[in-house]
Number of protein chains: 2
Amino acid sequence: MKKEADEIKVNQVKIVDSFWSGLQEKVTDIVIPFQERVLNDEVPGVPKSHAIENFRIAAGLKEGEYYGMVFQDSDLAKWLEGVAYSLSVKPDPDLEERADEIIEIIAKAQQPDGYLDTYFIVKEPGHRWQNLHECHELYCAGHMMEAAVAYAEATGKDRLLQVTERLADHIIGRFGSEEGKEHGFPGHQEVEIGLMKLYHATGKEKYKDMARYFLEERGKNPNYFYEEKIKRGWQHWGQYNTEELDVSYNQAHQTIYEQKEAVGHAVRALYMYTAMADLAGTDGDGRLYQACRTLWDNIVNRKLYITGGIGGNPEGEAFSNNYELPNDMAYAETCASIAMIFFAHRMLESEMDGVYADIMEKELYNSTISRMQLDGKRYFYVNPLECEPGVSGKLFGYRHSLPERPGWYACACCPTNLVRLIASLGKYCFSESDTAVYSHLYIGQKAELKKADIAMETSYPWEGKVLYRVTPKTEESFTLAIHIPYYVDFRKDDTELTVNGKPVDAGELTKKGYVYLDRKWNAGDVVELQFPMEVRRVYANPLVREDAGCVALMRGPVVYCFEGADNEGPLQSLRISRELKAESHMCEEGILKGNVLIDVDGCRICGGEELYSEKPPVREKVRIRAIPYYAWANRGENQMRVWMPEEG
Amino acid sequence: MKKEADEIKVNQVKIVDSFWSGLQEKVTDIVIPFQERVLNDEVPGVPKSHAIENFRIAAGLKEGEYYGMVFQDSDLAKWLEGVAYSLSVKPDPDLEERADEIIEIIAKAQQPDGYLDTYFIVKEPGHRWQNLHECHELYCAGHMMEAAVAYAEATGKDRLLQVTERLADHIIGRFGSEEGKEHGFPGHQEVEIGLMKLYHATGKEKYKDMARYFLEERGKNPNYFYEEKIKRGWQHWGQYNTEELDVSYNQAHQTIYEQKEAVGHAVRALYMYTAMADLAGTDGDGRLYQACRTLWDNIVNRKLYITGGIGGNPEGEAFSNNYELPNDMAYAETCASIAMIFFAHRMLESEMDGVYADIMEKELYNSTISRMQLDGKRYFYVNPLECEPGVSGKLFGYRHSLPERPGWYACACCPTNLVRLIASLGKYCFSESDTAVYSHLYIGQKAELKKADIAMETSYPWEGKVLYRVTPKTEESFTLAIHIPYYVDFRKDDTELTVNGKPVDAGELTKKGYVYLDRKWNAGDVVELQFPMEVRRVYANPLVREDAGCVALMRGPVVYCFEGADNEGPLQSLRISRELKAESHMCEEGILKGNVLIDVDGCRICGGEELYSEKPPVREKVRIRAIPYYAWANRGENQMRVWMPEEG
């Protein structure tokens, strides 16, 4: 197997898009500055972070006690990574200066042997590396590595990169398969991603080797966590004390090659799969790629909500059984959906298969941005597919699933992953190989790639019209490979791909979801894609208990939902007509302004006063309105459903 | 308001019925002896009970430590009550002798001041009555009173009655509205029922007055539990330590007259309503009866599963919101369904309204006997309306809801309430007033009432045919009032009531669900009721989220369910045809022998391999089988559903 293409850098793409630019601005202008104040304990009413203060204490710059979760360091690391992307898309010398100062503190906190984790430096100096299962030292290290690489890329400054290289060297010195080293691996995967990024940034094989070690050691000795527990005399630190060891929760029950089903904590799993996919592509390792694909297929064909939500089991933020996708009880943590994008993006490097780009799109337009209130001020952690006021967020089984996005204060660190994603959105738009440029997403932007500058204009996801302007930087011919979403069919009317106005036989040129345009490009060449943006009915496999006989509406990549605010009567009493007379229109006012809404025919089952009746209920014809799923819960507490039964 | 009729005694009715006699035998011959061995710690593999041993220690007959829950005494009391009913229906001198010996131990354990609770006698002698909220002393007292009255009725022996009278006097001495007494009330209602029964048995007003005190004190000072907590310096005993005080859980948030919605722990609530209804009838207290009716209506019109299951919230075994009746997550504890029968039975004394008898029937034929495996050997605690193997009993949200009845050992005390109910079934068949005999249930039996001996022959619930043979004991005319279930309609063909073969205009003679036959009765008079036993479709109010658009099948009082064992494909993929071609037949072999099964037309939604598809699913015609709900989970783990979507 040979890697098909490499990822590009964040700063190669400038997003200029009616849909995404506003979101990027919310991230750079609102979220990042707010988080900085939280990390500095400057926001009244928000639970104390102490994350920077912990580093100051570890650095000897302040006196004091450690405060926070055992993984508090990662909050700062994730913020720094977000800052790096933010500086790439919107330079800000003041912010950069403040970030530099914080990096100096981090550098000072690092111990002479390279160790860096303020919880153990300040609070438990005698217990380093004794509880990989619960104590997140490797997790925090991984996030710091990601931040360091991003910051170096964005600013050219390698101070944090040096720090994390020394940290990585310290880790390499302690863990490994060699005799005399500890054969440990992390309880929460993440360091594998960090090490792979260190490798890509530095070219040093030892980091890639260490990533492979951590991945391949996993599951070789499923009792490792138990053995370290005995070794430390059942002591524990931090807030965790797992009595029962179910190591499938940490994906350590089998080796990565033996694992055929996505199980356990969803974010742990997807961070692991992401690193596996990166390593598979980087090493051209077909066996490892196949292991990734098996897990990918299991998720996509058995465990993925239609919204891209991942994690049907709220207990442990975990994958549930195959086909067990409860709507009102869904966990579907945004972080897992974002991690699914990381995974998909890495899979593309090994194989340009449109299914990966399709899932990236599904995640981007649904279960990730649903996190954010339309005004950018409040955030969800959990993304259910059904909401019932008075039940959601309140009753047993549903407490995790809030009917409205809570205020900042409730989850100050939660938006971080969304920040990382949206600020770095550019790098998901293209990949590049020696011979081809691959376009994965329809997002208005200007890209500076190796072989060409490409400007894209589009009003996607609302309209099926995309225009590429190509300005080549080479005399040689190369391929522009454009991802065609799975729902676009060139056999249909109004669906057309043209180059400089001339139609091309796109069906013929399409392979696994990409249309390959191989030619000598000239400045000013225009590729134009056009397809009808229809309302589509989607059905779940009847093995999904809750969705059998139901339909969900999609338009382009956007999944729709129904809210009480738009529809009369309880949502469960509504039925969508099998003869779907759907009309779409752009909403021109109110909080939903700028979103395309859908109206369809249906009926309402009318009930009387009785709880049970032997009279067949009467059905009334109604028009039912759907709004984009990501825009739910912006009009106060009200019912919401994605799936609705269909009737003849 | 005047009481309409009195309850009869258990030993006035001998059940001779093809449906119920076998169940009664299981109770007298299997369950009661087994429980005796459990209480004596003689069953290997079953968690230690120690209940009798605790009394021996309290009585000074043995040395040792207290063992068990803070309400362990009630296990013995409930068993003794069951023994009393069992002796009424099937005399057993050996069993009676052993029960007498146990009663002697109980008497010896009673303290000189009348106090009786082995937990506090043996383990916490300094802390009596300091934690009414959590410590169940009044609850245990109430159960002992019920046992005492039942035992006296069955055997004529008043030893235990004397003990509980002294206990009641002790309680009266301590609690009450008078100055100098403590204004407390129980955290778990039950003593109110016990005191009312003591009153009925002895005629002593003080017991009724005390029951009224406990009922009316409730909610007057909703902070009582909090105040006693402060008073005892936040100490607690037993296994409970409720940090947060939500006194609506104990129905203490308002006075009984202010409470309009059934909330909190379902069994606590229904024990309270039962005592309220008893007191209302006994005192002819219209205001109190109205308070009961309001709560009754709330349950029956908003919070009752079609199976009679009660408790939509597994957390705290509690009532949920109005119309919130999750099927797979249902709690629907058998004890609550049994308590609903107690409540209904007491309501009948104030008002002969068929709705009470209808609900008694619903509970008897569905959510109570569903507890017991058909072979009598295993028991459910929880009675869901949907079961999914791999999810039920396993995953978050569903752990309480097992896919098969667990062994005895898992809930040695659970069958007790079912034992009480089934052994005493006779007393629910009739009530009697000065002028009338009321027949509530169609159960084959011979009854010795004041005004007449009445023999009933029936093959109910499988056939709509009931025959009464009346042998009057009086020359005067009296009324035989027969409950006509709500689904019987005299305007229909094949529906007829005859007296000595002559049709009577039953519609004309019917008032609130009872047909009143007022005449001078002669020995050998025969009343015969005949009605067609059709398969009926029942619809839930569309306000019930999970059942909107679904149908459930009933035949007579029996609710049906669908099991995977009988139907191909996952149950959620099945749809019942709106043109219901139903056929019933008596099952002649296998574990379901003797049960009427139903086959109906429907279709199956066929799925492919994909998780989501834009191809409308194909529907295949199928025949769908339903079995009585109470008989589910007798053929290994498999899917089960009561509600099924209906399609045109």
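At pLDDT 95 or above and within 14 Å of chain B (Cβ to nearest Cβ): is that true of A:Cys387 in this structure? So A:Cys387 fits the description; yes. For A:Lys62, are the conditions met, namely being without any contact (Cβ under 8 Å) to a residue 24 or more places away in the chain and either out of contact with any Lys or Arg (no Cβ under 7 Å at 6 or more places or on another chain) or surrounded by fewer than 21 Cβ atoms within 10 Å (Cβ to Cβ) (or both)? For A:Lys62, the condition - without any contact (Cβ under 8 Å) to a residue 24 or more places away in the chain and either out of contact with any Lys or Arg (no Cβ under 7 Å at 6 or more places or on another chain) or surrounded by fewer than 21 Cβ atoms within 10 Å (Cβ to Cβ) (or both) - is met. Among the numbered conditions (1) crowded, with 17+ Cβ neighbours inside 10 Å; (2) farther than 12 Å from B:Leu529 by Cβ; (3) modelled with pLDDT of 95 or more; (4) away from every other protein chain (no Cβ under 14 Å), the only one that B:Asn417 does not meet is (3).
Return the residue satisfying two criteria in turn: it lies in the stretch A:328-337 and is surrounded by 24 or more Cβ atoms within 10 Å (Cβ to Cβ) and more than 9 Å from chain B (Cβ to nearest Cβ), and of such residues it is nearest to the chain's Cα centre (by Cα). Filtering the stretch A:328-337 for residues that are surrounded by 24 or more Cβ atoms within 10 Å (Cβ to Cβ) and more than 9 Å from chain B (Cβ to nearest Cβ), the one nearest to the chain's Cα centre (by Cα) comes out as A:Ser337.
Would you point out which residue out of B:Glu42, B:Glu36, B:Glu25, B:Glu7 is closer than 30 Å to B:Asp434 by Cα and not aliphatic (A, V, I, L, M)? Show your work before the answer.
Details: B:Glu42 fails: closer than 30 Å to B:Asp434 by Cα; B:Glu36 fails: closer than 30 Å to B:Asp434 by Cα; B:Glu25 fails: closer than 30 Å to B:Asp434 by Cα.
Selected residue: B:Glu7, the only one of B:Glu42, B:Glu36, B:Glu25, B:Glu7 that is closer than 30 Å to B:Asp434 by Cα and not aliphatic (A, V, I, L, M).
The set of residues in the stretch A:264-278 being surrounded by 24 or more Cβ atoms within 10 Å (Cβ to Cβ) and either of a type in the set (Gly, Ala, Ser) or over 16 Å from the mean Cα position of the chain (by Cα) (or both) consists of A:Ala266, A:Ala269, A:Ala275, A:Met276, A:Ala277.
Check every one of the strands (runs of 3 or more DSSP E) wholly within the stretch B:545-648 and list those with 3 or more residues that are more than 12 Å from chain A (Cβ to nearest Cβ) and either in contact (Cβ under 8 Å) with a residue 24 or more places away in the chain or crowded, with 22+ Cβ neighbours inside 10 Å (or both).
Values: elements: B:550-555, B:558-563, B:574-577, B:583-586, B:596-606, B:618-628, B:644-647.
In the stretch B:545-648, B:558-563, B:596-606, B:618-628 are the strands (runs of 3 or more DSSP E) which contain 3 or more residues that are more than 12 Å from chain A (Cβ to nearest Cβ) and either in contact (Cβ under 8 Å) with a residue 24 or more places away in the chain or crowded, with 22+ Cβ neighbours inside 10 Å (or both).
Within the stretch B:264-283, residues that are under 23 Å from A:Leu395 (Cβ atoms) reach partners that are of a type in the set (Asp, Glu) and assigned to a helix (DSSP H, G or I) with beta carbons closer than 8 Å, at six or more positions or on different chains, in the pairs B:Met272/B:Glu192. Answer yes or no as to whether A:Glu217 is at pLDDT 95 or above and surrounded by 19 or more Cβ atoms within 10 Å (Cβ to Cβ). For A:Glu217, the condition - at pLDDT 95 or above and surrounded by 19 or more Cβ atoms within 10 Å (Cβ to Cβ) - is met.
Can you name the residue in the stretch A:481-508 that is of a type outside the set (A, V, I, L, M, F, W, C) and under 22 Å from A:Leu449 (Cβ atoms) and is also surrounded by the fewest Cβ atoms within 10 Å (Cβ to Cβ) among such residues? Full working, then the answer.
Pass one, the stretch A:481-508, residues of a type outside the set (A, V, I, L, M, F, W, C): A:483, A:485-487, A:489, A:491-496, A:498, A:500-503, A:505, A:507-508.
From what's left, under 22 Å from A:Leu449 (Cβ atoms): A:483, A:485, A:498, A:500.
Details: A:His483: 24, A:Pro485: 19, A:Thr498: 15, A:Asn500: 11.
Result: A:Asn500.
Quick one: which residue in A:Leu395, A:Leu374, A:Leu402 is at the interface with chain B (Cβ under 10 Å from one of its Cβ atoms), part of a loop (DSSP other than H, G, I, E, B) and either more than 30 Å from B:Ala318 (Cα to Cα) or over 13 Å from the mean Cα position of the chain (by Cα) (or both)? If you could, list the steps in order and put the result at the bottom.
Working: A:Leu374 fails: at the interface with chain B (Cβ under 10 Å from one of its Cβ atoms); A:Leu402 fails: at the interface with chain B (Cβ under 10 Å from one of its Cβ atoms).
Sole residue among the options that is at the interface with chain B (Cβ under 10 Å from one of its Cβ atoms), part of a loop (DSSP other than H, G, I, E, B) and either more than 30 Å from B:Ala318 (Cα to Cα) or over 13 Å from the mean Cα position of the chain (by Cα) (or both): A:Leu395.
Among the residues of the stretch B:303-326, count how many are of a type in the set (D, E, K, R) and either more than 10 Å from chain A (Cβ to nearest Cβ) or free of Cβ contacts under 8 Å to residues at least 24 places away in the same chain (or both). Let's see the steps before the verdict.
Initially, the stretch B:303-326 is screened for residues of a type in the set (D, E, K, R), giving B:303, B:315, B:317, B:324.
Within this subset, residues satisfying the condition of being either more than 10 Å from chain A (Cβ to nearest Cβ) or free of Cβ contacts under 8 Å to residues at least 24 places away in the same chain (or both) are B:315, B:317.
Result for the stretch B:303-326: 2.
Among the residues of the stretch A:311-320, just one is within 17 Å of A:Lys260 (Cα to Cα) and in a strand (DSSP E or B), namely A:Ala318.
Name the one entry in B:Ala357, B:Ala330 that is of a type in the set (A, V, I, L, M), in contact (Cβ under 8 Å) with a residue 12 or more places away in the chain and touching a Pro at 6+ places or on another chain (Cβ under 6 Å). Working first, answer last.
Working: B:Ala357 fails: touching a Pro at 6+ places or on another chain (Cβ under 6 Å).
None of the other options fit; the residue is B:Ala330.
For the list (1) surrounded by 23 or more Cβ atoms within 10 Å (Cβ to Cβ); (2) farther than 28 Å from B:Gln189 by Cβ, I need the number of the one condition that B:Leu374 fails. Condition (1) is where B:Leu374 drops out.
Rundown of residues vs (1) out of contact with any helix residue (DSSP H, G or I) (no Cβ under 6 Å at 6 or more places or on another chain); (2) within 27 Å of B:Ile310 (Cβ to Cβ); (3) at pLDDT below 95, yes/no style:
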| position | (1), (2), (3) |
| --- | --- |
| B:Met196 | no, yes, no |
| B:Thr202 | yes, no, no |
| B:Pro222 | yes, yes, yes |
| B:Ile230 | yes, no, yes |
| B:Thr242 | yes, yes, yes |
| B:Ile256 | no, yes, no |
| B:Gly264 | yes, yes, no |
| B:Arg268 | yes, yes, no |
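Only residues that are polar (S, T, N, Q) and either part of a helix (DSSP H, G or I) or surrounded by fewer than 24 Cβ atoms within 10 Å (Cβ to Cβ) (or both): list them for the stretch B:114-153, please. Talk me through it step by step, then tell me what you get.
Narrowing the stretch B:114-153 to residues polar (S, T, N, Q): B:118, B:130-131.
Within the stretch B:114-153, B:Thr118, B:Gln130 qualify.
For A:Arg491, the conditions (1) under 22 Å from A:Val355 (Cα atoms); (2) within 14 Å of chain B (Cβ to nearest Cβ) all hold with the exception of (2). Only residues that are more than 27 Å from the chain's Cα centre (by Cα), over 29 Å from A:Val391 (Cα atoms) and free of Cβ contacts under 8 Å to residues at least 60 places away in the same chain were counted in the stretch B:525-544, giving 2. Filtering the stretch B:87-119 to residues that are in contact (Cβ under 8 Å) with a residue 60 or more places away in the chain and closer than 19 Å to B:Ile52 by Cα leaves B:Leu95, B:Arg98, B:Ile103, B:Thr118, B:Tyr119.
For the stretch B:253-286, which positions are among the hydroxyl-bearing types (Ser, Thr, Tyr) and either more than 20 Å from B:Gly184 (Cβ to Cβ) or in contact with a Phe, Trp or Tyr (Cβ under 6 Å, 6 or more places away or on another chain) (or both)?
Restricting attention to the stretch B:253-286, the residues satisfying the condition of being among the hydroxyl-bearing types (Ser, Thr, Tyr) are B:255, B:257, B:271, B:273-274, B:282.
Selection gives B:Tyr273, B:Thr274, B:Thr282.
Where strands (runs of 3 or more DSSP E) fall wholly inside the stretch B:414-488, the ranges with 1 or more residues that are over 22 Å from B:Lys90 (Cβ atoms) are B:430-432, B:436-439, B:452-458, B:465-472, B:478-483. Would a scan of the stretch B:519-536 turn up a residue that is at the interface with another protein chain (Cβ under 8 Å from one of its Cβ atoms) and farther than 22 Å from B:Lys465 by Cβ? No, there is no match, as no residue in the stretch B:519-536 is at the interface with another protein chain (Cβ under 8 Å from one of its Cβ atoms) and farther than 22 Å from B:Lys465 by Cβ.
The values are calculated or read from the model by the stated rules, or taken from the named source; none is laboratory data. Predicted model, so just to flag it, every value in this text is computed and none were measured. Cβ coordinates were reconstructed from backbone atoms using ideal geometry, including for glycine residues, and neighbour counts include every protein chain displayed.
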